[in-house]
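Data first, discussion second: the structure below is written as C-alpha coordinates.
The values are calculated or read from the model by the stated rules, or taken from the named source; none is laboratory data. Predicted model, so just to flag it, every value in this text is computed and none were measured. Here the Cβ positions follow ideal geometry from the backbone for every residue, glycine too, while neighbour counts run over all protein chains shown. Keep in mind that these areas ignore ligands, DNA and RNA; they rest on the heavy atoms of the full protein, side chains included. Shrake-Rupley method; radii C 1.70, N 1.55, O 1.52, S 1.80 Å.
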Amino acid sequence: TGSSRPQRILKAVQKNATKGDPQSVISAIDYYCRHKEWAMNVGDDKGLILDSVLTEVNPSMALELGTYCGYSSVRIARLLSPNSKLITVEFNPAFAAIARQIIAYAGLQDKVTIVEGASGDLIPKMKERFGLKSFDFVFLDHWKDRYVPDTKLLEDCGLLRKGTVLLADNVICPGAPEYLKYVRNNPRYESRYYPSVLEYTKAEDGLEKSVFLG
Ligand SMILES: O=C(NCCCOCn1ccc2cnccc21)c1cc(-c2ccc(F)cc2)cc(O)c1O
Ligand SMILES: [Mg+2]
(Lines give C-alpha, C1' and ligand atoms only; values in the text may rest on other atoms or scores of the structure.)
(Ligands and ions follow the chains in the order given, each with its own letter.)
Protein backbone atom coordinates (compact mmCIF):
# COMPACT_ATOMS: atom_id res chain seq x y z
CA THR A 1 0.00 0.00 0.00
CA GLY A 2 1.09 3.58 -0.58
CA SER A 3 2.31 6.23 1.83
CA SER A 4 0.03 8.39 3.97
CA ARG A 5 -0.23 12.17 3.76
CA PRO A 6 1.65 12.59 7.05
CA GLN A 7 4.40 10.29 5.74
CA ARG A 8 4.67 12.43 2.59
CA ILE A 9 4.88 15.57 4.74
CA LEU A 10 7.72 14.00 6.77
CA LYS A 11 9.54 13.13 3.50
CA ALA A 12 9.16 16.74 2.34
CA VAL A 13 10.69 17.96 5.64
CA GLN A 14 13.61 15.51 5.36
CA LYS A 15 14.20 16.57 1.75
CA ASN A 16 13.75 20.37 2.02
CA ALA A 17 14.45 21.42 5.61
CA THR A 18 17.69 21.72 7.57
CA LYS A 19 18.06 19.45 10.61
CA GLY A 20 17.85 21.49 13.83
CA ASP A 21 16.33 24.52 12.07
CA PRO A 22 12.65 24.87 13.15
CA GLN A 23 11.89 27.71 10.74
CA SER A 24 13.05 25.61 7.77
CA VAL A 25 10.79 22.75 8.96
CA ILE A 26 7.81 25.15 9.16
CA SER A 27 8.58 26.58 5.70
CA ALA A 28 9.01 23.11 4.16
CA ILE A 29 5.61 21.97 5.47
CA ASP A 30 3.89 25.20 4.41
CA TYR A 31 5.39 24.96 0.90
CA TYR A 32 4.37 21.29 0.53
CA CYS A 33 0.83 21.81 1.85
CA ARG A 34 0.23 24.96 -0.20
CA HIS A 35 1.65 23.68 -3.52
CA LYS A 36 1.49 19.88 -3.40
CA GLU A 37 -1.29 18.66 -1.09
CA TRP A 38 -3.44 20.39 1.48
CA ALA A 39 -3.20 19.27 5.12
CA MET A 40 -4.82 20.46 8.35
CA ASN A 41 -1.84 22.30 9.85
CA VAL A 42 -2.66 25.66 11.44
CA GLY A 43 -0.59 27.05 8.54
CA ASP A 44 1.36 30.23 7.89
CA ASP A 45 -1.41 32.86 8.06
CA LYS A 46 -2.94 31.70 11.37
CA GLY A 47 0.58 30.64 12.42
CA LEU A 48 1.67 34.29 12.56
CA ILE A 49 -1.21 35.00 14.98
CA LEU A 50 -0.23 31.95 17.05
CA ASP A 51 3.36 33.24 17.15
CA SER A 52 2.29 36.71 18.32
CA VAL A 53 -0.01 35.39 21.07
CA LEU A 54 2.74 32.98 22.22
CA THR A 55 5.36 35.73 22.32
CA GLU A 56 2.98 37.84 24.42
CA VAL A 57 2.18 34.98 26.86
CA ASN A 58 5.70 33.45 27.00
CA PRO A 59 4.33 30.29 28.70
CA SER A 60 6.42 28.05 30.99
CA MET A 61 3.91 25.21 30.58
CA ALA A 62 1.94 24.91 27.35
CA LEU A 63 -0.65 22.33 26.30
CA GLU A 64 -1.68 21.49 22.72
CA LEU A 65 -4.73 19.35 21.97
CA GLY A 66 -4.30 17.96 18.45
CA THR A 67 -0.71 17.33 17.32
CA TYR A 68 -1.33 15.91 13.82
CA CYS A 69 2.13 16.11 12.13
CA GLY A 70 3.63 18.41 14.76
CA TYR A 71 3.58 21.62 12.67
CA SER A 72 2.07 23.76 15.45
CA SER A 73 4.12 21.89 18.06
CA VAL A 74 7.24 23.13 16.21
CA ARG A 75 5.76 26.65 15.90
CA ILE A 76 5.05 26.72 19.65
CA ALA A 77 8.20 24.99 20.93
CA ARG A 78 10.59 27.13 18.85
CA LEU A 79 9.32 30.24 20.73
CA LEU A 80 9.45 28.77 24.27
CA SER A 81 12.03 30.08 26.74
CA PRO A 82 14.69 27.64 28.05
CA ASN A 83 13.19 25.13 30.57
CA SER A 84 9.65 25.83 29.26
CA LYS A 85 7.71 22.80 28.02
CA LEU A 86 4.98 21.83 25.61
CA ILE A 87 2.74 18.82 26.20
CA THR A 88 0.89 17.85 23.02
CA VAL A 89 -1.94 15.29 22.89
CA GLU A 90 -2.61 13.17 19.81
CA PHE A 91 -5.37 10.54 19.47
CA ASN A 92 -4.00 8.84 16.33
CA PRO A 93 -0.82 6.80 16.95
CA ALA A 94 0.24 7.01 13.28
CA PHE A 95 0.03 10.83 13.41
CA ALA A 96 1.94 10.84 16.73
CA ALA A 97 4.73 8.72 15.21
CA ILE A 98 5.19 11.18 12.32
CA ALA A 99 4.97 14.20 14.64
CA ARG A 100 7.68 12.73 16.90
CA GLN A 101 10.02 12.52 13.88
CA ILE A 102 9.22 16.04 12.63
CA ILE A 103 9.66 17.56 16.10
CA ALA A 104 12.98 15.69 16.46
CA TYR A 105 14.10 16.84 12.99
CA ALA A 106 13.52 20.44 14.16
CA GLY A 107 15.69 19.68 17.22
CA LEU A 108 12.87 20.44 19.66
CA GLN A 109 12.42 16.97 21.21
CA ASP A 110 13.69 18.15 24.62
CA LYS A 111 10.92 20.78 24.86
CA VAL A 112 8.01 18.69 23.60
CA THR A 113 6.26 15.69 25.15
CA ILE A 114 3.80 13.90 22.87
CA VAL A 115 1.08 12.01 24.75
CA GLU A 116 -1.10 9.55 22.85
CA GLY A 117 -4.74 9.13 23.77
CA ALA A 118 -8.08 10.87 24.15
CA SER A 119 -8.03 14.32 25.76
CA GLY A 120 -11.00 13.40 27.97
CA ASP A 121 -9.02 10.52 29.47
CA LEU A 122 -5.63 12.27 29.67
CA ILE A 123 -6.52 15.71 31.06
CA PRO A 124 -7.57 14.35 34.50
CA LYS A 125 -4.20 12.54 34.77
CA MET A 126 -1.97 15.48 33.78
CA LYS A 127 -1.25 16.88 37.25
CA GLU A 128 -0.05 13.56 38.66
CA ARG A 129 1.73 12.45 35.46
CA PHE A 130 3.67 15.65 34.82
CA GLY A 131 3.80 17.10 38.33
CA LEU A 132 2.46 20.40 37.05
CA LYS A 133 0.27 22.94 38.82
CA SER A 134 -1.42 24.58 35.85
CA PHE A 135 -0.98 25.54 32.18
CA ASP A 136 -0.09 29.07 31.10
CA PHE A 137 -1.22 28.48 27.51
CA VAL A 138 -3.55 25.97 25.78
CA PHE A 139 -3.87 25.56 21.98
CA LEU A 140 -7.11 23.78 21.03
CA ASP A 141 -6.87 22.11 17.61
CA HIS A 142 -8.50 18.69 18.00
CA TRP A 143 -12.10 17.51 17.45
CA LYS A 144 -14.11 20.71 17.36
CA ASP A 145 -16.93 19.22 19.46
CA ARG A 146 -14.39 18.50 22.21
CA TYR A 147 -13.39 22.15 22.69
CA VAL A 148 -16.18 22.85 25.24
CA PRO A 149 -16.06 19.61 27.26
CA ASP A 150 -12.26 19.73 27.44
CA THR A 151 -12.23 23.41 28.48
CA LYS A 152 -14.66 22.53 31.28
CA LEU A 153 -12.48 19.54 32.20
CA LEU A 154 -9.36 21.75 32.36
CA GLU A 155 -11.29 24.13 34.68
CA ASP A 156 -12.57 21.30 36.89
CA CYS A 157 -9.12 19.66 37.13
CA GLY A 158 -7.61 22.97 38.30
CA LEU A 159 -5.33 23.10 35.27
CA LEU A 160 -6.18 26.73 34.44
CA ARG A 161 -5.00 29.68 36.52
CA LYS A 162 -5.92 33.37 36.56
CA GLY A 163 -4.49 34.60 33.24
CA THR A 164 -4.18 31.26 31.42
CA VAL A 165 -4.63 31.92 27.69
CA LEU A 166 -6.69 29.52 25.57
CA LEU A 167 -6.23 29.84 21.79
CA ALA A 168 -8.68 27.87 19.64
CA ASP A 169 -8.13 27.05 15.95
CA ASN A 170 -10.93 26.67 13.38
CA VAL A 171 -13.66 28.53 15.20
CA ILE A 172 -15.18 29.40 11.78
CA CYS A 173 -14.05 26.50 9.57
CA PRO A 174 -14.87 23.68 10.30
CA GLY A 175 -16.33 25.76 13.13
CA ALA A 176 -16.77 25.49 16.88
CA PRO A 177 -20.03 27.40 17.47
CA GLU A 178 -20.75 25.95 20.91
CA TYR A 179 -17.21 26.89 22.01
CA LEU A 180 -17.64 30.49 20.83
CA LYS A 181 -20.92 30.67 22.76
CA TYR A 182 -19.27 29.15 25.83
CA VAL A 183 -16.28 31.50 26.09
CA ARG A 184 -17.95 34.68 24.78
CA ASN A 185 -20.92 34.64 27.20
CA ASN A 186 -18.89 33.57 30.20
CA PRO A 187 -17.84 36.03 32.93
CA ARG A 188 -14.84 33.80 33.66
CA TYR A 189 -13.32 34.48 30.23
CA GLU A 190 -12.20 37.57 28.32
CA SER A 191 -12.37 36.62 24.62
CA ARG A 192 -11.13 38.14 21.37
CA TYR A 193 -11.53 36.91 17.80
CA TYR A 194 -8.57 37.03 15.35
CA PRO A 195 -9.91 36.84 11.77
CA SER A 196 -7.77 34.93 9.28
CA VAL A 197 -8.12 32.23 6.62
CA LEU A 198 -8.30 28.45 6.60
CA GLU A 199 -4.77 27.12 6.14
CA TYR A 200 -3.47 27.33 2.53
CA THR A 201 -6.86 28.60 1.23
CA LYS A 202 -8.85 31.83 0.88
CA ALA A 203 -11.74 30.48 2.96
CA GLU A 204 -12.65 32.40 6.11
CA ASP A 205 -11.40 31.04 9.42
CA GLY A 206 -9.97 32.49 12.61
CA LEU A 207 -8.58 31.97 16.08
CA GLU A 208 -10.37 32.77 19.33
CA LYS A 209 -8.18 33.88 22.23
CA SER A 210 -9.77 33.55 25.66
CA VAL A 211 -8.11 34.58 28.93
CA PHE A 212 -9.31 32.62 31.98
CA LEU A 213 -10.10 35.10 34.74
CA GLY A 214 -10.17 32.53 37.58
O1 LIG B 1 -10.43 18.22 12.26
C2 LIG B 1 -9.51 19.01 12.43
N3 LIG B 1 -8.64 18.84 13.44
C4 LIG B 1 -8.81 17.71 14.37
C5 LIG B 1 -8.16 16.43 13.85
C6 LIG B 1 -8.53 15.24 14.71
O7 LIG B 1 -8.20 15.48 16.07
C8 LIG B 1 -8.47 14.36 16.91
N9 LIG B 1 -7.72 14.51 18.13
C10 LIG B 1 -6.44 14.98 18.21
C11 LIG B 1 -6.07 14.93 19.53
C12 LIG B 1 -7.15 14.43 20.28
C13 LIG B 1 -7.35 14.15 21.64
N14 LIG B 1 -8.51 13.63 22.06
C15 LIG B 1 -9.51 13.40 21.17
C16 LIG B 1 -9.39 13.66 19.80
C17 LIG B 1 -8.17 14.18 19.37
C18 LIG B 1 -9.29 20.12 11.46
C19 LIG B 1 -10.01 20.09 10.26
C20 LIG B 1 -9.82 21.10 9.30
C21 LIG B 1 -10.59 21.08 8.02
C22 LIG B 1 -11.05 22.27 7.46
C23 LIG B 1 -11.77 22.26 6.27
C24 LIG B 1 -12.01 21.06 5.64
F25 LIG B 1 -12.68 21.04 4.46
C26 LIG B 1 -11.57 19.85 6.20
C27 LIG B 1 -10.87 19.87 7.38
C28 LIG B 1 -8.90 22.14 9.53
C29 LIG B 1 -8.21 22.17 10.73
O30 LIG B 1 -7.31 23.16 10.99
C31 LIG B 1 -8.39 21.17 11.70
O32 LIG B 1 -7.69 21.27 12.87
MG1 LIG C 1 -6.82 23.23 13.05
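Using heavy atoms of the protein chains and a probe of 1.4 Å, the accessible area assigned to Arg100 is about 100 Å².
When shorter helices are ignored and each DSSP H run of at least 4 residues is given -39500 (n - 2.57), the per-residue value for the chain at 222 nm works out to -12000 deg cm²/dmol. Considering only beta bridges that DSSP places wholly inside the chain, some 40 percent are antiparallel. If only the Cβ of Lys and Arg carry +1 and only the Cβ of Asp and Glu carry -1, the dipole of the chain around its Cα centre is close to 320 debye. Placing +1 on the Cβ of each Lys and Arg and -1 on the Cβ of each Asp and Glu in the chain, which of Thr151, Ile123, Leu180 has its Cα farthest towards the positive end of the resulting dipole? Most positive-ward Cα: Ile123. Each Lys or Arg adds one and each Asp or Glu takes one away; over the other residues whose Cβ falls under 10 Å from the Cβ of Phe139, this sums to -2.
Computing the accessible area with a 1.4 Å probe over protein heavy atoms, can you report the carbon and sulfur percentage for the chain? Carbon and sulfur: 54 percent of the exposed surface of the chain. Heavy-atom accessible surface of the chain, averaged per residue, reaches 45 Å², computed with a 1.4 Å probe.
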